[in-house]
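The values are calculated or read from the model by the stated rules, or taken from the named source; none is laboratory data. These numbers were taken from a predicted model, which means no experiment stands behind them. FYI the Cβ positions are ideal-geometry reconstructions off the backbone, even for glycines, and counts take in every protein chain you see.
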Amino acid sequence: METLFLNKQDTFIEKALKPAKELMLLAKGDGVEIMFQNIQPEEIFVVSPGESEKLLEFFYIIEGSITCQKKENECILQQGDYFYVHNLKENVFFKTNNYVKMLYVSSQPIFHLLSSEIAKLTNIATAIESKDLYTYNHNKNLHEYAMKVAHKMNLSKESLEKLLYAALFHDLGKINTPDEILNKPGLLTIKEFEYIKRHPIDGKNLVEKTYLKNIGKIIEQHHERLDGSGYPWGLKSDEIVLEAKIIAVVDSFDAMISERPYHKAMTVEAAMDELKQLSDKLYDRKIVNILEEVLIEESKL
Ligand SMILES: [Fe+2]
Ligand SMILES: [Fe+2]
């Protein structure tokens, strides 16, 4: 049967990867997928080796510019430039220098990998934001601070990528926490706190079924504290991964400066003082100091 599809802008089969990277599946057939990608400035994305040696991925830059990095080599690609990867052996990293629109063609279906899994996680994260009234914008704020701190710490691109997703999905496990507990004013009973303590493990379990399994550990450890007083495992400083330590600092900071059912919002100064006081005991001092630098640079302190 002959088919001719004429589509206007903004029509697509499916859309995924929000909010910083939007991927739209425009057409597919015979395994080939044609996608359109919208990426915000300063975003890092990775093109990884595919499961199949035959996979060819082609990218054409319609608008904007990106910096491409493979090992020590760096180059800038702009509007009208294109690149493709085939039989890739290792990750290639890209960073958008401004808003980027790209056409993305893949010789084998990969959209489902990028899409349905991540879309499911994003849906859970959104569901939690509406369930837990006080955490509106929490993931977004966290993502922003975590990225700023990580950039200053010169983390590897892999760590940055992991941190990016971990920041967005760190509290996924709260989907299983009863609303009354999440929104309870005042102190929690021991039994109620047991529910809260489960969310890092539940969150890890949710991502471990997806291709983001490498962020499981960060999610699992984001409430661990250096002196072993955290949960769920009471891990101590060296046992906690660096990315989880970063999330711990920015997560606590955002919680302190936000209005929560169990406390009033603190000022940025007061929150920073508290974090400093608890440095070495609960929080990594270096990370706390870097967060302070970020806040000073942004004139928030
Ligand atoms: Fe949490
Ligand atoms: Fe959180």
Exercise for the section: Confirm whether Val268 is in contact with a Lys or Arg (Cβ under 8 Å, 6 or more places away or on another chain), within 20 Å of Leu168 (Cα to Cα) and away from ligand 2 (no atom under 16 Å from the Cβ). Expected result: no
Practice task
Inspect region 241-256 for any residue being at pLDDT below 95 and surrounded by fewer than 17 Cβ atoms within 10 Å (Cβ to Cβ) and give the result as yes or no.
Solution key: no
Handout entry: Residue ID - farthest from ligand 2 (Cβ to nearest atom), chosen from residues in region 193-206 that are over 21 Å from the mean Cα position of the chain (by Cα) and over 9 Å from Thr177 (Cβ atoms)
Key = Glu194
Practice task
Please verify whether region 70-93 includes one or more residues that are crowded, with 18+ Cβ neighbours inside 10 Å, more than 22 Å from Glu33 (Cα to Cα) and under 16 Å from the mean Cα position of the chain (by Cα).
Solution key: no
Fill in the blank from the handout: Among Leu188, Leu142, Leu155, Leu172, the single one that is in the same structural domain as Tyr283 (by TED's automatic domain parsing), buried (at least 17 other Cβ atoms within 10 Å of the Cβ), away from ligand 1 (no atom under 11 Å from the Cβ) and among the hydrophobic types (A, V, I, L, M, F, W, C) is Leu155
Completion exercise
In region 207-233, anything without any contact (Cβ under 8 Å) to a residue 40 or more places away in the chain and within 14 Å of ligand 2 (Cβ to nearest atom) is listed as Glu220, Gln221, His223, Glu224, Tyr231
Exercise for the section: For Asp254, indicate whether it is in the same structural domain as Lys157 (by TED's automatic domain parsing), acidic (Asp, Glu) and either within 16 Å of ligand 2 (Cβ to nearest atom) or at positive phi (or both). Expected result: yes
Handout entry: Residue check for Asn205: assigned by TED's automatic domain parsing to the domain that holds Ile124 and either modelled with pLDDT under 95 or away from ligand 1 (no atom under 16 Å from the Cβ) (or both)
Key = no
Handout entry: Filtered residues of region 156-172 (kept if at pLDDT 90 or above and outside any helix (DSSP H, G or I))
Key = His170, Asp171
